[in-house]
Structures are given as C-alpha cells and as structure tokens.
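S.K.: Sharing a structure with you now.
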C-alpha cells in the first residue's frame, strides 16, 4: 500500500516505453560523402556550412557516456564529454573526448553539471586530487541552486530530489540515477561520522575510567590529596570543558606554587588548591574548619600576588588580568543541610573571586559530560 502524499515514481521500463530517438552524432574519417549524408540526415537541406560533425554544440553533453571533470593549471574547472564518434572509413563507433569545455566561473560550470544531472549523464573526477572540488560544486548546486541567463534574463534553478541518507541507511532520491560525486561526498560524510563515533567511544571509556579511579580514591580514609591530584592531572576532564590549558604545580614567582593554573578559553586564569577529601568543611558548631580557612587563605595569597605581579605573571600566563581562585576540599556527604547553606553563602560572599567545591562537584561535572556523550550516541544510533 502506497504512503499517502508520497509521489509515485515511474518504473524504469515505463521511462523507455516511448523511445528517445537521437540524431546527434560526431563523425571522423576521410569519407566526406558519408559525412555529408549523415549531416543532411540531421539538418536537412538547410544544413549550415562548416565541418560535418553532425551534433549541435548544446547536445554534446547530453549524448556523452560520461563527463570527465578536471581542473586546469589556472584553477578553472573543465568538463570533457566522452562521446560516441562514427568513423566514416570503418563505420565503427568509438568513445573519445574530442572537446574540453573550460569554465571561468564555478557558476557556469554548475550550469553544465545541472544539464548532466537532468540528462542522467555521470560526471566523474579525473583523479582523486580534483574529486573534492567536484563534490563542492555539486554540494553548492544542491544547496544554492544554479543561476543562468535565459534570453538575457537571470534565472535561478533549485535542485530537488538530491541524494539523501534515510533512517534505514539506504540512498533515497527523487532521481533514479545519482551522480558519482554525490556518492563520494556521502562516503566522506559517513567516514567522518564513523570516526566521530569512534572518538566518542574512546572519550566515553576514558571518562568512565576516570570516574571509577576517583571514586576509589575517595573511599580511602587516610589523607590523600597527593593521590587525588595525580588522578586529576591524569584525567583533566574533571575540571570541565571550559579550560584549554591545565598547568599542574604552577610556580608563582619564588614564593608560591599553585596546585593548578587553569587557562580558560577566553584567556583568563583560575588557580586551584587541592585539599584532602577527608577534611571537613565545618565543625559541629558550624564554624569553618581549620583546613578550609588555611586553603582559602592560601588561594587568597595567590590572587593577591597575581594582582601585584601581573606583568611578571603574564610571561607564563598571558591571560592574567584578574584571576579567580578555587578550593576543592572534602565530601558533600559530610555536610549537613545547614552546612550546605553556609557553603552557598560563603561562595556568594566571595562574589565569584573564590569558589569552594567538594570532590563531588568535580564528579558531577564529569558525569554531566559523560551523560551528554551517551545521549549523543543514542541519538546517532536512532537516526
């Protein structure tokens, strides 16, 4: 049963129920009488003077078995129709490219590509070097159409029914014959998507390994900031996607060493202090712990140094203008509801200049990226 609203395509046999008679031909050889006879067969008694080739110029592309695309030394597109030629001496046919059309603009080349498209004549690249240029011309023709002058007026033709990839993965087209350039472009796109999928799987496996390793370290009861820092350096995905450069153990002059200097994509800098996951942020009475106060002060000292020594700091950190600080300490499970509220207000008090995170916040960032990759893979598998 046919789908409602879907155009019914003609069977290929139906196309040829009315034969397409052609009187176009090209002759070669030394028999002028046969050439003249064939020429009059096409044009009649009003045959124009000149060489007896037999085929009007606008028919050469239509009668070609294929058209070879190339690019000349000037970078101009050329099209050579491989056409059947009648040898008047032996009365034999042979294929030959007797003419080469050179196009000064891509738009004029697209006009002939459109003509080949309509007449189902394949256009093939002469070699792999020029294949991308042909693919680009076809892509431009499919996207933007073709502009041509007819009787002095500019006409734009939209191309429809070009090759698509259906959900079932099979070529679907309003045309029966697809151009080789369309298939090669489709192949390149599929190869790119396969490579993207492979890279996504590698990234997903690495993120999964990173989460497993960090979670295992966080189960340990002994103080562990050095092991945690080695894990974060190994898997910088924990810092999130905003950073383009991660600098562990970054020296701030001869006075300080930041656990990390993180360069954001806009060039600005975050400096980060890593404390043990076993440290508590607040005591039983709700006062900030000594470990938290010490870490905050350390980062504040770094920020003060960066403000005072900005010219010196920019030698290694070009984006330093007004750096911000981050402290990573403790676990969320060790925070009471009131502690969570205290931490929120404490971060607000610093106004974004200093941010206090737990290791669970780093895990959340990594999990969010992992979920996006999984969602992308599911969407691609269903598309």
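The values are calculated or read from the model by the stated rules, or taken from the named source; none is laboratory data. What you are looking at is a predicted structure, and each value in this text was computed from that prediction instead of being measured. FYI the Cβ positions are ideal-geometry reconstructions off the backbone, even for glycines, and counts take in every protein chain you see.
S.K.: Which numbered condition trips up residue 251, out of (1) outside any strand (DSSP E or B); (2) at pLDDT below 90?
M.R.: (1)
S.K.: Exactly one of (1) modelled with pLDDT of 90 or more; (2) in contact with a helix residue (DSSP H, G or I) (Cβ under 6 Å, 6 or more places away or on another chain); (3) closer than 21 Å to residue 209 by Cβ is unmet by residue 240. Its number?
M.R.: Going through the list (1) modelled with pLDDT of 90 or more; (2) in contact with a helix residue (DSSP H, G or I) (Cβ under 6 Å, 6 or more places away or on another chain); (3) closer than 21 Å to residue 209 by Cβ, residue 240 breaks only (1).
Matching residues to (1) closer than 16 Å to residue 359 by Cα; (2) more than 30 Å from the chain's Cα centre (by Cα):
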residue: 207; (1), (2): yes, no
residue: 220; (1), (2): yes, yes
residue: 227; (1), (2): yes, yes
residue: 237; (1), (2): yes, no
residue: 242; (1), (2): no, no
residue: 253; (1), (2): no, yes
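S.K.: Cβ contacts < 9 Å: first residue in the same structural domain as residue 280 (by TED's automatic domain parsing), restricted to the stretch 218-238; second residue part of a loop (DSSP other than H, G, I, E, B) and surrounded by fewer than 17 Cβ atoms within 10 Å (Cβ to Cβ), any location; separation 6+ or different chain. Result?
M.R.: As it stands, the answer is 227/220, since those pairs meet every condition given.
S.K.: May I pose another question? crowded, with 16+ Cβ neighbours inside 10 Å, in the same structural domain as residue 330 (by TED's automatic domain parsing) and farther than 25 Å from residue 367 by Cβ: does that describe residue 295?
M.R.: So residue 295 fails the test.
S.K.: Answer yes or no as to whether residue 124 is at pLDDT 80 or above, under 18 Å from residue 80 (Cβ atoms) and either in a strand (DSSP E or B) or not assigned by TED's automatic domain parsing to the domain that holds residue 61 (or both).
M.R.: Numbers: at pLDDT 80 or above: yes; under 18 Å from residue 80 (Cβ atoms): yes; either in a strand (DSSP E or B) or not assigned by TED's automatic domain parsing to the domain that holds residue 61 (or both): yes.
Considered against the rule, which asks whether it is at pLDDT 80 or above, under 18 Å from residue 80 (Cβ atoms) and either in a strand (DSSP E or B) or not assigned by TED's automatic domain parsing to the domain that holds residue 61 (or both), residue 124 comes out as yes.
S.K.: Restricting to the stretch 334-383, what's the tally of residues that are without any contact (Cβ under 8 Å) to a residue 40 or more places away in the chain, part of a helix (DSSP H, G or I) and touching a strand residue (DSSP E or B) at 6+ places or on another chain (Cβ under 9 Å)?
M.R.: Qualifying residue count for the region: 3.
S.K.: Output the residue which, of all residues in the stretch 134-153 that are on the phi < 0 side of the Ramachandran plot and in contact with a strand residue (DSSP E or B) (Cβ under 6 Å, 6 or more places away or on another chain), is modelled with the lowest pLDDT. Don't jump to the end; show me each part of the working.
M.R.: Here is the first cut: in the stretch 134-153, the residues on the phi < 0 side of the Ramachandran plot are 134-144, 146-150, 153.
Checking the rest, the ones that are also in contact with a strand residue (DSSP E or B) (Cβ under 6 Å, 6 or more places away or on another chain) come to 134, 146-148.
Values: 134: 90, 146: 81, 147: 79, 148: 72.
This residue is 148.
S.K.: Would you mind finding the one in 325, 330 that is outside any helix (DSSP H, G or I) and over 16 Å from residue 282 (Cβ atoms)?
M.R.: Details: 330 fails: over 16 Å from residue 282 (Cβ atoms).
Every option except 325 fails the conditions.
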